[in-house]
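S.K.: Just passing along the structure, written as structure tokens.
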Amino acid sequence: MKPNALAEGVRPGRLDPSSLAEGFCDVHPPLTPHEAAVAADRCYFCHDAPCIAACPTEIDIPLFIRQIATGTPEAAAKTIFEQNILGGMCARVCPVETLCEQACVRETAEHEPVEIGRLQRYATDTLMAADVHPFERAAATGKRIAVVGAGPAGLACAHRLAMKGHDVVIYDAREKPGGLNEYGIAAYKTVDGFAEREVAWLLQIGGIRLEQGRALGRDVTLEELRADHDAVFLGTGLGAVNALGLDGEDRDGVEDAVDFIAELRQAEDLAALPIGRDVVVIGGGMTAVDAAVQAKLLGALNVTMVYRRGRDRMNASRKEQDHATTRGVRIVTNAVPVAVHGNGAVREVEFEFVEDDLTPTGERFRLTADQVFKAIGQRLDGAALPATERGKIAVTDAGRTSVDGVWAGGDCAAGGDDLTVTAVAEGRDAAEDIHAALTR
Amino acid sequence: MANLATDFVGIKSPNPFWLASAPPTDKEYNVRRAFEAGWGGVVWKTLGLDPHIVNVNGPRYGAVWGPDRRLLGMNNIELITDRPLETNLEEIKAVKRDYPDRAMIVSLMVPCEEEPWAWILKKVEETGADGVELNFGCPHGMSERGMGSAVGQVPEYIEMVTRWCKANTRMPVIVKLTPNVADIRKPAAAAHAGGADAVSLINTVNSITGVDLDLFAPEPTIDGKGAHGGYCGPAVKPIALNMVAEIKRTAEIGRLPVSGIGGVTTWRDAAEFLALGAGNVQVCTAAMTYGFKVVEEMISGLSQYLDEKEMDSVRDLVGRAVPNVVDWQDLNLNYVTKARIDQDACIKCGRCFAACEDTSHQAITMSPDRVFEVNDAECVACNLCVNVCPVEDCITMVRLPAGETDPRTGAVVRDDYANWTTHPNNPAAKAAE
Ligand SMILES: Cc1cc2nc3c(=O)[nH]c(=O)nc-3n(C[C@H](O)[C@H](O)[C@H](O)COP(=O)(O)OP(=O)(O)OC[C@H]3O[C@@H](n4cnc5c(N)ncnc54)[C@H](O)[C@@H]3O)c2cc1C
Ligand SMILES: Cc1cc2nc3c(=O)[nH]c(=O)nc-3n(C[C@H](O)[C@H](O)[C@H](O)COP(=O)(O)O)c2cc1C
Ligand code: SF4
């Protein structure tokens, strides 16, 4: 092991470039044609298939798999994109073990579902590699719609609206489009700049103008957007991060997991990215797992993920938990942080064990830490938004908010899981509703 | 996008995929749902005279499965429709009225006399159907009563009944042929002579799918006994393809339109029938196995294929393979190939070795570390290794270029064409001009 790997503190270059490259390569490498043929062959082409119902975008899974099986992955891709224009990203990031693959009848029969996610990637990769955009715009309607946020929800909404012939302007606060596809998803799930390529491919539909670096609330108000457009869609995600509310939370080395991940995703050179030797991640969701695993892959020696309830209550699926533990992350459950100790920089985090209902047990322990990532959830950021409900923008079925002419979807809107695929479904359905409202 | 619309003997349909006369088309409920699912047309389940026939009340299907219980072949002992004629006719009329753009063909089977044929044809005309199909193919039950394949196996009867039908209706007449004959060209020629507008083939093949080894009875077993049934599904496709090709490459009957039937399960199967000259295809078992929705894959696949081939319509594909179906004696004996194993793709299962070593030409070598290689000096290019290899395209047949020596024969490969008719070993060889 390189001496750097054992050194204390938050420092770059813990691993040599080849170990980094190996760690951050594609977690689920693409299927070869032979593998795809074998995998597709297992689909039973079920009637009214349970996998379709389990997909938030309701992709016709049996049909696309049959299209792969019969040698037309391009047709399969079209079947996927008709329902989910970010089918390429979803194939990489969906927790399929809790969605389509969980519902697969072969999961029931053999505990071995058809590999729907990887087959979806096979099909979508095939068409995207040929740089074919399979849709055309309808005749121009002359309607203008503002979409706020270029994440999965905003992109799906914009694409569907553009397809219907409307003109769309996307306002996004960040430098690059893609939302968490670009800044959040674990690096090993979307390698080789896929998020960026996917956005470029999606924009081939035409009729969508991107305005990056333009934030609602800072550069433009909702009232202005409403005045200048026929409809507004809000897909701003969850910009703010929950705090622990502990003494010492502001010590050096205590960071938001999402910021760490965003920095990692944008890093030109992973070897230059500083990481602690003893890393503690607080939280039990996808963000916590991704922060922990990626800290480990950057060369942290000890990574401990601490969650306040039991394993079965974690938001991260069992498969993701296993992914973390097989990468060497230790998972401690039923413990809450009570203090962050240190002198300037963090040295230790103190925890207390709790019952499942969070009743303190009085039993405490300390974990050595030179870096702490907080991953206990994100929340809505911003003021002057439509009415909210449990911290998110309240919506009726297809994303209608309390404000006339304003729709919302994705993480910022109430209801549905905070998943890429759910954001796509909500963006798409809102677009259909906007279209219906504007063409009535 | 290629245009899938077809015109088969004047009958138009939005795509070449029709449901064959069988349970999927035996009532209004099914046919409406089939049209909603996208099928281009249907051939209604065969109608007969009242009192309608009855079916067995025990199992009527037997099956042959591949690994993973994939249905490869099915047989049935079902007869023609077991519902009253009037009920069927009313339903046909109602469905055709609501789906004017879809093809509605009515399959018929009545006793071998002109009067009942004339009578039922009038009845069908009143429904507004687009055409009729004469079921001369059913190989079980009905044939015992002098109908179905009992007619289809006697060319004179086919010609006679076809002529009656042509004389008694203005609707196009399609004659459905049984494969249970020695030479399919004879019944096709008889249909042609009788004035048929087209033939459709194949109906089902005489079969017993299995024997229950406890009851010592064929399957499906009815109270300890079984009757032979009609075989269909993917297993019969090769038989059907050959029969279509035989008709299409025969001068006198080659122009007779053919509706291809037998094992069509994917767009590719359909494209093969079309390439061999079928003007459209009919499907039964695939729909019975996977539901009406399978047609979506057939439609998307065929249109993608036509686009890739830069063909604008189905018509551009029809018959494209017919000139390439020849007699054995016309095959080029100077075409020399050898098997080639792609070592990167090889998973080292050794099946090619077992096949070649035990049953062919000992042309594959196996090293102690399981590297399999072709010995050109023994390889006769039989293709067996290709067929048993589990990895597609791992073993391929590669042509030896002209000028190279075939190490098996010691002969230099030539790039000209020479067949058996001129081969020195052929006692009847004609001297090359
Ligand atoms: C670390 C992490 C890992 C994840 N991993 C997975 C995973 O593996 N699989 C999965 O399915 N889901 C995962 N998720 C969840 C998933 O990323 C989100 O559910 C999804 O991105 C939500 O999409 P969205 O479009 O609603 O919001 P976002 O992706 O958050 O996009 C919101 C966009 O709005 C912009 N924006 C915000 N505020 C403003 C403003 N005021 N003005 C203008 N623009 C604004 C932002 O710049 C951003 O581009 C993960 C989330 C995180 C944080
Ligand atoms: C259960 C069953 C019933 C059938 N009944 C008829 C029939 O009434 N009339 C007819 O012409 N063909 C009948 N057929 C034959 C089919 O129309 C078709 O010719 C045959 O099944 C081959 O096509 P396939 O391989 O797509 O199934 C029947 C087939 C099956 C399986
Ligand atoms: S398929 Fe339907 S009718 Fe046939 S045996 Fe099963 S339940 Fe009965």
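S.K.: Is it the case that region B:396-412 has a residue that's touching a helix residue (DSSP H, G or I) at 6+ places or on another chain (Cβ under 9 Å) and within 28 Å of A:Ala37 (Cα to Cα)? Steps first, answer last, please.
M.R.: Just the residues of region B:396-412 that are touching a helix residue (DSSP H, G or I) at 6+ places or on another chain (Cβ under 9 Å), to begin with: B:396-397.
Okay, now just the ones that are also within 28 Å of A:Ala37 (Cα to Cα), so B:396-397.
Yes, region B:396-412 contains at least one residue that is touching a helix residue (DSSP H, G or I) at 6+ places or on another chain (Cβ under 9 Å) and within 28 Å of A:Ala37 (Cα to Cα).
S.K.: Still on this model: Polar (S, T, N, Q), open to solvent by 10 Å² or more (accessible area, probe 1.4 Å) and within 14 Å of another protein chain (Cβ to nearest Cβ), is that true of B:Thr250? Walk me through it before giving the result.
M.R.: Numbers: polar (S, T, N, Q): yes; open to solvent by 10 Å² or more (accessible area, probe 1.4 Å): yes; within 14 Å of another protein chain (Cβ to nearest Cβ): no.
Criteria not met by B:Thr250.
S.K.: Inside region A:149-173, can you point out the residues that are surrounded by 23 or more Cβ atoms within 10 Å (Cβ to Cβ), in a strand (DSSP E or B) and more than 13 Å from ligand 1 (Cβ to nearest atom)?
M.R.: Across region A:149-173, the qualifying residue is only A:Val168.
S.K.: Still on this structure: Would you check if A:Val338 is surrounded by 18 or more Cβ atoms within 10 Å (Cβ to Cβ) and assigned to a strand (DSSP E or B)? Working first, answer last.
M.R.: Working: surrounded by 18 or more Cβ atoms within 10 Å (Cβ to Cβ): no; assigned to a strand (DSSP E or B): yes.
When the stated conditions are applied, A:Val338 does not pass them.
S.K.: Here is a further query. Please list, ordered by first then second residue, the pairs with beta carbon atoms under 8 Å, 6 or more apart or interchain, first in region B:288-312 and more than 11 Å from chain A (Cβ to nearest Cβ), second among the β-branched types (Val, Ile, Thr) and open to solvent by less than 50 Å² (accessible area, probe 1.4 Å).
M.R.: Close Cβ pairs (under 8 Å, with a partner that is among the β-branched types (Val, Ile, Thr) and open to solvent by less than 50 Å² (accessible area, probe 1.4 Å)) amount to B:Leu306/B:Val314.
Every residue, every condition in (1) of a type outside the set (A, V, I, L, M); (2) under 30 Å from A:Ile331 (Cα atoms), yes or no:
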position: A:Gln371; (1), (2): yes, yes
position: A:Gln378; (1), (2): yes, yes
position: A:Ala394; (1), (2): no, no
position: A:Asp404; (1), (2): yes, no
position: A:Gly427; (1), (2): yes, no
position: A:Ala431; (1), (2): no, no
position: A:Thr439; (1), (2): yes, no
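S.K.: Same structure again: From the set of residues in region B:33-77 that are modelled with pLDDT of 95 or more, assigned to a helix (DSSP H, G or I) and of a type outside the set (Asp, Glu), which is nearest to ligand 2 (Cβ to nearest atom)?
M.R.: For region B:33-77, the residue satisfying everything is B:Ala34.
S.K.: Does A:Pro113 qualify as being at pLDDT 95 or above, under 23 Å from B:Lys293 (Cα atoms), more than 16 Å from ligand 2 (Cβ to nearest atom) and outside any helix (DSSP H, G or I)?
M.R.: Taking the combined requirement at face value, the residue satisfies it.
S.K.: Inside region B:313-334, can you point out the residues that are surrounded by fewer than 18 Cβ atoms within 10 Å (Cβ to Cβ) and either touching a strand residue (DSSP E or B) at 6+ places or on another chain (Cβ under 7 Å) or facing chain A (nearest Cβ under 10 Å) (or both)?
M.R.: Residue satisfying the conditions is B:Ser313 alone.
S.K.: Anything in region A:343-354 that is over 19 Å from A:Gly283 (Cβ atoms) and either among the aliphatic types (A, V, I, L, M) or at pLDDT below 95 (or both)? List them, or say none. Give the steps one after another, and end with the answer.
M.R.: First, pick out the residues of region A:343-354 that are over 19 Å from A:Gly283 (Cβ atoms): A:343-345, A:347.
Within region A:343-354, A:Asn343, A:Gly344, A:Ala345 qualify.
S.K.: Still on this structure, please answer the following. Specify the residue that is farthest from ligand 2 (Cβ to nearest atom); the eligible residues are those in region A:392-416 that are buried (at least 24 other Cβ atoms within 10 Å of the Cβ) and under 27 Å from A:Arg92 (Cα atoms).
M.R.: Across region A:392-416, the extreme among qualifying residues is A:Cys412.
S.K.: Then there's this: Open to solvent by less than 60 Å² (accessible area, probe 1.4 Å) and outside the structural domain of B:Gly279 (by TED's automatic domain parsing): is that true of B:Ala428 in this structure?
M.R.: It is false that B:Ala428 is open to solvent by less than 60 Å² (accessible area, probe 1.4 Å) and outside the structural domain of B:Gly279 (by TED's automatic domain parsing).
S.K.: Moving to a separate point now. So, in region A:417-438, exactly how many residues are surrounded by fewer than 20 Cβ atoms within 10 Å (Cβ to Cβ), within 11 Å of ligand 1 (Cβ to nearest atom) and in a helix (DSSP H, G or I)?
M.R.: Residues in region A:417-438 being surrounded by fewer than 20 Cβ atoms within 10 Å (Cβ to Cβ), within 11 Å of ligand 1 (Cβ to nearest atom) and in a helix (DSSP H, G or I): 0 in total.
S.K.: When you scan region A:293-310, how many residues do you find that are more than 16 Å from the chain's Cα centre (by Cα) and outside any loop (DSSP other than H, G, I, E, B)?
M.R.: Keep residues of region A:293-310 that are more than 16 Å from the chain's Cα centre (by Cα), which gives A:295-310.
Pick out the ones that are also outside any loop (DSSP other than H, G, I, E, B) and you get A:295-297, A:302-306.
Residues that pass the stated criteria total 8.
S.K.: In addition: Condition first: open to solvent by 50 Å² or more (accessible area, probe 1.4 Å) and either free of Cβ contacts under 8 Å to residues at least 24 places away in the same chain or not in a loop (DSSP other than H, G, I, E, B) (or both). Now tell me which residues in region B:363-382 satisfy that.
M.R.: B:Thr365, B:Met366, B:Pro368, B:Asp369, B:Arg370, B:Glu373, B:Asn375, B:Cys382
S.K.: Restricted to region A:272-292, and to residues that are in a helix (DSSP H, G or I) and hydrophobic (A, V, I, L, M, F, W, C), which residue is nearest to A:Arg92 (Cα to Cα)? First the steps, then the outcome.
M.R.: First pass over region A:272-292, keeping only residues in a helix (DSSP H, G or I): A:272, A:286-292.
Adding the requirement that they be hydrophobic (A, V, I, L, M, F, W, C) leaves A:272, A:286, A:288-289, A:291-292.
Values: A:Ala272: 26, A:Met286: 14, A:Ala288: 18, A:Val289: 16, A:Ala291: 18, A:Ala292: 19 Å.
Ranking the candidates gives A:Met286 first.
S.K.: Picking from B:Ala235, B:Ala227, B:Ala270, which residue would you name as being touching a residue at least 40 places away in the same chain (Cβ under 8 Å), in a loop (DSSP other than H, G, I, E, B) and among the aliphatic types (A, V, I, L, M)? So that I can check it myself, show each step before the final result.
M.R.: On the way: B:Ala235 fails: in a loop (DSSP other than H, G, I, E, B); B:Ala270 fails: in a loop (DSSP other than H, G, I, E, B).
Of the residues listed, the single one that is touching a residue at least 40 places away in the same chain (Cβ under 8 Å), in a loop (DSSP other than H, G, I, E, B) and among the aliphatic types (A, V, I, L, M) is B:Ala227.
S.K.: Would you check if there is a residue in region B:72-92 being open to solvent by 50 Å² or more (accessible area, probe 1.4 Å), under 18 Å from B:Val283 (Cβ atoms) and hydrophobic (A, V, I, L, M, F, W, C)?
M.R.: Yes: one or more hits.
S.K.: Could you please find all residues in region A:208-249 being in a loop (DSSP other than H, G, I, E, B), among the small types (Gly, Ala, Ser) and open to solvent by 30 Å² or more (accessible area, probe 1.4 Å)?
M.R.: First pass over region A:208-249, keeping only residues in a loop (DSSP other than H, G, I, E, B): A:213-215, A:217-219, A:221, A:229-230, A:235-239, A:242-249.
With among the small types (Gly, Ala, Ser) added as a condition, the list becomes A:213, A:215, A:217, A:235, A:237, A:239, A:243, A:245, A:248.
Answer for region A:208-249, where residues must be in a loop (DSSP other than H, G, I, E, B), among the small types (Gly, Ala, Ser) and open to solvent by 30 Å² or more (accessible area, probe 1.4 Å): A:Gly213, A:Gly217, A:Gly239, A:Ala243, A:Gly245.
S.K.: Look at region A:64-74 and say how many of its residues are open to solvent by less than 10 Å² (accessible area, probe 1.4 Å), assigned to a helix (DSSP H, G or I) and within 8 Å of chain B (Cβ to nearest Cβ). I'd like the intermediate steps shown before the answer.
M.R.: Residues of region A:64-74 that are open to solvent by less than 10 Å² (accessible area, probe 1.4 Å), as a first pass: A:64-65, A:67, A:72.
Narrowing further to those that are assigned to a helix (DSSP H, G or I): A:64-65, A:67.
Subset that is within 8 Å of chain B (Cβ to nearest Cβ): A:67.
Final tally of qualifying residues: 1.
S.K.: Scanning region B:205-226 for residues that are open to solvent by less than 50 Å² (accessible area, probe 1.4 Å) and touching a His at 6+ places or on another chain (Cβ under 8 Å), which turns out farthest from ligand 1 (Cβ to nearest atom)?
M.R.: Looking at the filtered set, the residue picked out is B:Pro218.
S.K.: Regarding region A:35-55, can at least one residue be identified that is within 23 Å of A:Gly193 (Cα to Cα) and either away from chain B (no Cβ under 13 Å) or of a type outside the set (Gly, Ala, Ser) (or both)?
M.R.: No, the conditions are met nowhere in region A:35-55.
S.K.: Are there any pairs with C-beta distances below 8 angstrom linking a residue in region A:411-426 that is among the hydroxyl-bearing types (Ser, Thr, Tyr) to a residue that is open to solvent by 30 Å² or more (accessible area, probe 1.4 Å) and more than 6 Å from ligand 1 (Cβ to nearest atom), with the two at least 6 apart or on different chains, and if so which?
M.R.: Cβ pairs passing all conditions: A:Thr422/A:Pro56; A:Thr422/A:Gly416.
S.K.: Of the numbered conditions (1) in contact (Cβ under 8 Å) with a residue 60 or more places away in the chain; (2) open to solvent by less than 60 Å² (accessible area, probe 1.4 Å); (3) over 20 Å from A:Pro386 (Cβ atoms), A:Val199 fails exactly one; give the number of that condition.
M.R.: Failed condition: (1).
S.K.: Can you tell me how many residues within region A:250-287 are without any contact (Cβ under 8 Å) to a residue 24 or more places away in the chain and open to solvent by less than 40 Å² (accessible area, probe 1.4 Å)? Quick ask: steps written out before the conclusion?
M.R.: Step one: list which residues in region A:250-287 are without any contact (Cβ under 8 Å) to a residue 24 or more places away in the chain, which gives A:250, A:259, A:263, A:267-269.
Within this subset, residues satisfying the condition of being open to solvent by less than 40 Å² (accessible area, probe 1.4 Å) are A:267.
Number satisfying all stated conditions: 1.
S.K.: Pairs only if they're at least six apart or on different chains, beta carbon under 8 angstrom, first in region B:122-150 and open to solvent by less than 10 Å² (accessible area, probe 1.4 Å), second aromatic (Phe, Trp, Tyr) and part of a loop (DSSP other than H, G, I, E, B); list them, first residue then second.
M.R.: Listed pairs, sorted by first residue: B:Gly148/B:Phe136; B:Ser149/B:Phe136.
S.K.: Could you tell me which residue of region B:273-287 is farthest from the other protein chains (Cβ to nearest Cβ), considering only residues that are open to solvent by 10 Å² or more (accessible area, probe 1.4 Å) and assigned to a loop (DSSP other than H, G, I, E, B)?
M.R.: Here the answer is B:Leu276.
The values are calculated or read from the model by the stated rules, or taken from the named source; none is laboratory data. This one's a predicted model, so the numbers in the text were calculated from it and none came from an experiment. No Cβ is skipped: glycine too gets one built from the backbone with ideal geometry, and neighbour counts run over all protein chains shown. Each accessible area value is taken on the protein alone, full model and side chains, heavy atoms only, with ligands, DNA and RNA left out. Shrake-Rupley method; radii C 1.70, N 1.55, O 1.52, S 1.80 Å.
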